[in-house]
Amino acid sequence: MHASVVIPTKNPGPIFRSVLRAVQRQEVPFSFEILVIDSGSSDGTVEFVRAEDGIRLIQVPPESFGHGRTRNLAAGLTSSAFIAFITHDAIPASPNWLARLVAAVEQSPDIAGAFGRHVAHRNASAFTKRDLEAHFSGFLQHPLILSLATDPERYAVDQGWRQLLHFYSDNNSCLRRSVWESVPYPEVDFAEDQIWAKTVIEAGYSKAYAPDAVVEHSHDYDFLSQLRRAFDESNAFRELFGYKLGAGPISMSATFLALARRDLKFARSAKVGVTATIKQIARNGALVTGHLLGTHARRLPSRVSRYLSHDKRLLNNLRTSSPYS
């Protein structure tokens, strides 16, 4: 078997049928398998997968799920040279998605893994579509294959460059089995993909960006969801990498005003409605507030942090395992 597509699931809802159908329709010049690893779905996902021919289904108890642990378990149940990961709501956008993702890793034996582009779901807001396009277009301003050797001096002194080198999203990715066997995913509850990428980069491997390996994957969060996710992201990046996503109230206010001006300008040019624009500006407020609070999470009362955190297990683990405590 040349490649495996691993899809972790937990109550994905109807969208998962579109995901699986798109994976099944892949046109590749090699053999591949599909492995679904489910951690306690109760929405009919397990029954749907069981009814499909040629799909491997692995079930694990919900309490044993971990973003790194579960992906390692699934990878260990395959024997393929290349292991692609997508999430249960990431729909491959073309029948060439898998071939292009694997080809990105095959370019050179020192490439440990590759990540592909995301585009917004068709029903996503205009702001979400714009933001995803801008985010992934930014990677085109740099070489598609990056390593420490690309600019070793810069890696030591430039936080933004380090973030670029270890950005990796296993919402849409493919890793080389031989590298994974020596450097498996860390068993953490957040950013397992970026920690893995940082580890392989610092071990001397390269990573690749595959802009033509596209999935539809996006979320339009409400205010509270955005606040909590921003809090978790900022808290985790501070604890895991030492990055401060929220510097202070003055910087937060300046960032919010800049984002508001940008979005008002975009709303006028793209003819976005008033209600959608107000929601976007509110999400901006939630984003910068969450980043500020997450950066200073250790100074907050425990009950406040627990309310703000979307992932309570992540919060508890960060308090006990951070190298930046």
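Could you give the accessible area per residue of segment 21-83, probe 1.4 Å, as a whole number in Å²?
Values: 2920 Å² over 63 residues.
With the other protein chains kept in place, segment 21-83 gives 46 Å² per residue.
Positive end of the charge dipole of the chain (Lys, Arg +1 and Asp, Glu -1 on Cβ, about the Cα centre): tell me which of Ile7, Gln280, Ile111 has its Cα farthest that way.
Value: Gln280.
Mind checking the alpha-carbon convex hull of segment 155-229 and giving the volume per residue in Å³?
Numbers: hull volume 9.7 nm³, N = 75.
Dividing the Cα hull volume of segment 155-229 by its residue count gives 129 Å³.
So if we plug the beta-carbon distance of Arg25 and Lys129 into 1/(1 + (r/R0)^6) with R0 = 30 Å, what FRET efficiency do we get, rounded to 0.05? Write out the running numbers ahead of the final one.
Numbers: r = 24 Å, r/R0 = 0.80.
The formula returns an efficiency of 0.80 here.
I'm checking a number: the convex hull volume of the Cα atoms of the chain, normalised per residue, in Å³. What is it?
Numbers: hull volume 46.8 nm³, N = 325.
Per-residue hull volume (Cα only) is 144 Å³.
Counting only the heavy atoms of the protein chains, how much of Met1 is accessible to a 1.4 Å probe, in Å² to the nearest 10?
110 Å²
Can you tell me the relative contact order of segment 1-129? Whole percent, Cα pairs under 8 Å, sequence separation 6 or more.
34 percent
Using a 1.4 angstrom probe on the protein heavy atoms only, could you order Arg306, Arg283, Arg117 from most to least accessible area? The partial results should precede the final answer.
Working: Arg306 95, Arg283 35, Arg117 65 Å².
Largest accessible area first, the list is Arg306, Arg117, Arg283.
Taking Cα atoms of segment 1-40, Rg/Rh with Kirkwood Rh, to two decimals? Intermediate values should be presented prior to the final figure.
Values: Rg = 11.2 Å, Rh = 11.1 Å.
Value, to two decimals: 1.01.
Report the local net charge at Arg122: Lys and Arg +1, Asp and Glu -1, summed over other residues whose C-beta lies under 13 Å from its C-beta. Before the final figure, lay out each step's value.
On the way: positive: Lys129; negative: Glu216, Asp220.
Its environment carries a net charge of -1.
For Asp110, project a label point 7 Å along Cα to C-beta. Then give me every residue of segment 153-167 with its amide nitrogen under 15 Å of that point.
What the label zone holds, given the 15 Å backbone N cut-off, is 153.
Restricting to the chain, compute how many DSSP beta bridges are antiparallel as a %, nearest 5.
Percent antiparallel among DSSP bridges in the chain is about 35.
For Lys244, which aspartates and glutamates qualify as cross-link partners when the Cα separation must be under 20 Å and same-chain residues fewer than eight apart are set aside?
Candidates past the 8-residue exclusion: Asp158, Asp189, Glu192, Asp193, Asp232, Glu233, Asp311.
Multiply the residue separation of Arg56 and Ile281 by 0.36 nm, subtract the distance between their alpha-carbon atoms, and state the gained length in nm to one decimal.
Values: separation 225, 0.36 × 225 = 81.00 nm, distance 4.37 nm.
76.6 nm is the gain from fully extending Arg56 to Ile281.
Assign unit charges at the C-beta atoms only (+1 for Lys and Arg, -1 for Asp and Glu), then state the dipole size of segment 180-325 relative to its Cα centre in Debye, rounded to the nearest 20. If you can, show how the numbers build up before the last one.
Details: 20 positive and 15 negative charges, 195 e Å.
So the magnitude is around 940 debye.
Which value results when the Cα radius of gyration for segment 252-292 is divided by 2.2 N^0.38 Å? If you can, show how the numbers build up before the last one.
Working: Rg = 10.3 Å, N = 41, 2.2 N^0.38 = 9.0 Å.
That works out to 1.14 for segment 252-292.
What lysines does Lys129 reach when the alpha-carbon gap must be under 17 Å and sequence neighbours fewer than 8 apart in one chain are set aside?
Within the straight-line cut-off, Lys129 pairs with Lys265, Lys271, Lys279.
For the chain, what does -39500 (n - 2.57) per DSSP helix run (n ≥ 4), summed and divided by total residues, give at 222 nm, in deg cm²/dmol to the nearest 500? Don't skip to the answer; put the middle values down first.
Details: 14 runs with 160 residues, N = 325.
The helix-only estimate for the chain comes to -15000 deg cm²/dmol at 222 nm.
So with the 1.4 Å probe, I'd like the accessible area per residue for segment 209-305, rounded to whole Å². Intermediate results must be reported in sequence, preceding the final value.
Details: 4950 Å² over 97 residues.
Roughly 51 Å² per residue, with all protein chains present.
Please report how far the C-alpha centroid of segment 193-208 lies from that of segment 1-44, rounded to the nearest whole angstrom.
So the separation of the two Cα centres works out to 25 Å.
Enter the mean projected area of the convex hull around the alpha-carbon atoms of segment 28-118, in nm², rounded to one decimal.
Working: hull surface 27.7 nm².
Hull-based average projected area comes out at 6.9 nm².
Please report, as a whole percent, how much of the solvent-accessible surface of the chain comes from carbon and sulfur atoms (probe radius 1.4 Å).
Numbers: 8160 of 14920 Å².
Carbon and sulfur together cover 55 percent of it.
The values are calculated or read from the model by the stated rules, or taken from the named source; none is laboratory data. Since the model is a prediction, treat every value here as computed from it, not as a measurement. Backbone-built Cβ (ideal geometry, glycine too); neighbour counts: all protein chains shown. Please note that ligands, DNA and RNA were not included when accessible areas were found on the heavy atoms of the full protein model with its side chains. Shrake-Rupley method; radii C 1.70, N 1.55, O 1.52, S 1.80 Å.
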